[in-house]
Every structure is written in C-alpha cells, then in structure tokens.
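Input: one structure, supplied below.
No value in this document is a laboratory result; all are computed from the given coordinates. Note that the coordinates shown come from a computational prediction; the quantities given were computed from them, not determined experimentally. All Cβ positions, glycine included, derive from the backbone under ideal geometry; neighbour counts span all protein chains shown.
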Amino acid sequence: MKRVVITGQGTINALGSNVAETWEAMREGRCGIGPLELRDVERLAIQIGGQVRGYDPDAVFNRQQIVLYDRFTQFTLLSAREAIAQAGLTFVGDLAARTGVVLGNSGGGMNTLDENYRSVYEDGKNRVHPFVVPKLMNNAAASHVSMEFNLKGPTFTVSTACASSNHAMGQAFQLIRCGMAEVMITGGSESMLCFGGVKAWEGLRVMSKDACRPFSANRNGMVQGEGAAVFVFEEYEHAKKRGADIIAEVIGFAMTSDAADIVMPSKQGAARTIVGAMRDAKVNPDEVGYINAHGTGTAANDKTECAAVADALGHHANDLMISSTKSMHGHLIGGTGAVELLACTMALREGVIAPTIGYEEPDPECALDVVPNVARDAEVDVVLSNAFAFGGLNAVLALRKV
Amino acid sequence: MADSIKDRVIAIIAEQAVLEPSDVKMDATLEDLGIDSLGLVESIFAIEEAFDISVPFNANEPEKSDFDISSVAAIVAAVEGLIAEQTAS
C-alpha cells in the first residue's frame, strides 16, 4: 500500500480566512461564535453561530461566478486555492488525470434553497433564477474545484451529516493508498447559517442559546458554524520526489455504523471506530498524544465520546489530551471534520494543542484532559480526529508527524 | 377548561406512546410509557402546536428547564401554567 501525506491546507471559517489566522486563533483560544447576522434572525430562538465575518464575495468572485457559486462552494474554492498554492502543484497531463476531489458536505446550497423558497413561497414569485439547481447541488463545490484546477480523476461528494468531511478524507486517503489516484483534493464545507438552516436545528432542542462548552458540566448544547477546509493529500513518493513540504502523514482510517439510533450516539460504535483507526494505522494506544474530539457540547455526545475514548485507549486515555475546537468555530456539520483536522496538523507541525474553550465546570462523566481554555505546548507524534454523525455513522482518521 | 387541557395533553402523549388515552396514568413517567428523547421532543412540538404556546425546553438540560416532565401530571400542570402565562401577556 502507498503512503499518503498532506502537502497543502486551506480554510475559511469563523476563526479566520486562512490557515495562519485559524491556527493563531486556536493558539489563543479565541471564540469565533457571536450574534448571528442574517435575515429574519429575530424569528429564531437560537441567535448565535460561528459565522464567517467580514467576507465580501464580490471582492473575490465575478458576477458570472457568483450566480453559480453558493456560499458553501465559495468557501470551498477559497480553501482549495490556499491549499493548492501551498502544495505548489500544477495539474496537467497524467497528473491531472490522476488527481481527484472528494469533499464532505451535508446541506448543499442551503442559502440558495432558503432564498429561492422565500421567493416562490413568501413573495409569491413564479420564476427562479435558471441556475438554482447547479448552484444548490451538493456536488457543486467538488465540481467547481475540479474545473478550476483541471482535476480529472475520481471526484464526488460524501454526505454523512457531521461525519461527512472525515468520510471524504478517508475516501481520498484510500484512493491514493490503493493507487487509484496520485493526488486528492479533500476536506469539506458547510454553509447552513440561514433562516431555514438554523430553524431546522432549533426543532431538535439540542442547541445552546449562549455558548458551546464541550465537556463542561454546565454545557447546554451545540452551536452551528460555517466555512470550509481543504487539504492536498499526496502519494508519499510523489511528494518526496518533488521536494514538497510535508505537513503530516495520514496513517489510518476507520468507519462504522452503529445500526442503532438516528440521533443518539453509541459508545460501542464510537469505540469500535477509534480502535479500528489505530489498528489501520498500526499504532498502539500509548502512541496517541492528542485526539480532536467530536465534542459537540451536547449532554449526550460528550459523555458518550469520553466513555468511548476510555474504552478504546484503556488507561492511556488518562494520559492523552483531547479537545473540542467546536467551542471556537462552532459545529460546521458536513465541513466540521475538515476544519478540525487543522487542529491536528497544528498539533503535529507546531507542537501546539488547541484548547477546549468555554470550559467552566468539570464533569465526572468527561474526566479526561480536555485541555481547558488555554492552548498547550506539547510534542505529539500521533493524533486522531473523531467524527460521530447523526444516523450513527462514525469516521476516525489517524495522522502522524513526519 | 382545565379538563380539556388535560385530555388534550394526554391524547398527545398517548399517541406518542401508542396507547389508548385511558391507559395513560397521571402518575406515569415518560419512561414508564416508553417515550424516548426523540418522542419527548416530538410531544413538546405537538403541545406547542395544539395550544399555540412556546415551551422552554432544552434536551441538554431537562432538569434546568421550567417545563417539568417528571410525570404526566407534571406535564399537564406545566402546560396549564404556560397557557395561563402566555395568553395573559
């Protein structure tokens, strides 16, 4: 099997409009969550979110592009541009044919849906813009990345709710590992912070009205975010031969289904996936220094996840660090695993563990080292990134320092 | 009027529990009736729709909610309270 390394990364999210800004915010434990600015916000019970601020699409895209790019596509393209520029790759000939795009996304063009439903239902219009369908389809972002960079290999979108990005990156990893692709552009995006997107989540009554406080005894729910992160996954020999700067190595992946409940997480399912990722990576539990938690800040997820980590890693669970950066950037749903992988690359590359901010009260059911409130300097060699989605679908990635 | 609120709340709970309303006892807990977290959230939605009220309930901290769900009787009393409060204002 081929080895797979990361040679580029890009992002835009509530913490920053590139990787450097995002890493800096994570290092400082800065919170990107604040009052939502969107139409009809006064009719929402939940009025906070991790919104991308100070972003002007007209400054980066022309009119012809904007009529085709929903916000989730825009975020994806901006992230992909940063990642591919860092990797320093140009896609022509055989490399173009052997490079693909697999991205995670859950809601597709939610803003496009919201605006056009409003137009036909509320405003009573009988015509919509001709590009509504190509703009809102879940694969629009992957296709536009493929078109902008001339990527002609395996290209598709993975949609598994909150695990979408981890599943996507797992697929990209496997495609290179087995020789089907040389390079894969992967990660994910989400842009659900519109009236309908937030209203739908309100219905479940699992959202917090004030803050995302993962693992804290007084946590009271999740907070939505938006944005994207995109990575360049590259076959190791290919990267080495061209002298690429290698950010980290992707060493393992596992995915499972709980086959149990449509919303409640399962300790067994989560633990089985973590064990599977370590087995695939051929690492022992005591080699794992950091876990980027799914850590949604709901009562159910956080205690289940801590119990699963304890089961999967045994006594070593007490010696490792586990944090949830959702406390800072919010839950990006289908894009969340991608932005969270940046906390993993920061741990491996910079030796800085991103904190779980908003941590106020210890919870005996989450009695692990959750790196409360302040980032920590630490040398770690192996990290895991957890994603446990609604629908009982779990996906865990393992990365190693190079 | 109080009886009719009670009957309507019981009917909502009975439908969720797949029971006859006569089988829903006032001292029963939701657990006794086999109603799980999703069933609870759906029942609260049905109550909000039936009485045109807003029920303050966060599934992450049910104990902190003003909406007491410890038994059928508690839910009926809470709904009566919310109706009085929200129609008065």
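Per-residue HN-Hα couplings for region A:102-114, Karplus 6.51 cos²θ - 1.76 cosθ + 1.60 at θ = phi - 60°, whole Hz, x for Gly and Pro?
Values, residue by residue: 10, 10, x, 6, 10, x, x, x, 4, 5, 5, 4, 4 Hz.
Counting only C-alpha contacts under 8 Å and six or more residues apart, can you give the relative contact order of region A:253-400 as a whole percent?
That works out to 35 percent.
Report the relative contact order of region A:1-158, percent, no decimals, based on alpha-carbon pairs under 8 angstrom and at least 6 residues apart.
Rounded, it is 26 percent for region A:1-158.
Longest exposed-loop-site-free stretch of chain A, with GluC sites (Glu not before Pro), DSSP loop and at most 16 other Cβ within 10 Å?
A:38-359
Run the count for chain A, please: Lys pairs, Cα-Cα under 23 angstrom, 8 or more apart or on different chains.
23
OK, next. Roughly how many debye, to the nearest 20, is the charge dipole of region B:2-88 about its Cα centre, given +1 on each Lys and Arg Cβ, -1 on each Asp and Glu Cβ, and no other charges?
The dipole of region B:2-88 has a size of about 80 debye.
What ³J(HN,Hα) values, in whole Hz, does the Karplus curve 6.51 cos²θ - 1.76 cosθ + 1.60 give for region B:19-32 when θ = phi - 60°, with x put for Gly and Pro?
Per-residue couplings from phi come out as 10, 6, x, 5, 8, 8, 8, 4, 8, 6, 8, 5, 4, 4 Hz.
Would you tally the net charge around A:Glu249, using a Cβ to Cβ cut-off of less than 11 Å, leaving A:Glu249 out, and scoring K and R as +1, D and E as -1?
Taking every Cβ under 11 Å from that of A:Glu249, the sum is +1.
Given the options A:Ala259, A:Ala378, A:Ala83, state which has the largest fluctuation in a GNM of chain A using a 10 Å cut-off (strictly under) for Cα springs.
Per the Cα network of chain A with a 10 Å cutoff, A:Ala259 tops the list.
Can you tell me the relative contact order of chain B? Whole percent, Cα pairs under 8 Å, sequence separation 6 or more.
31 percent.
Same structure again: If Lys and Arg each add +1 and Asp and Glu each add -1, what is the summed charge of the other residues whose beta carbon sits under 13 Å from the beta carbon of B:Glu15?
-4
So if I take the centroid of the Cα atoms in region A:242-318 and the same for region A:140-218, what is the distance between those two points in Å?
Comparing the Cα centres of region A:242-318 and region A:140-218, I get a distance of 18 Å.
Which whole number gives the average, over all residues in B:50-60, of C-beta atoms from other chains lying within 10 Å of the residue C-beta?
That average works out to 4.
Over what distance in Å are the Cα centres of region B:1-80 and region A:49-109 separated?
Here the answer is 47 Å between Cα centres.
Kirkwood Rh, the protein assembly as shown, all Cα pairs: how many Å?
23.3
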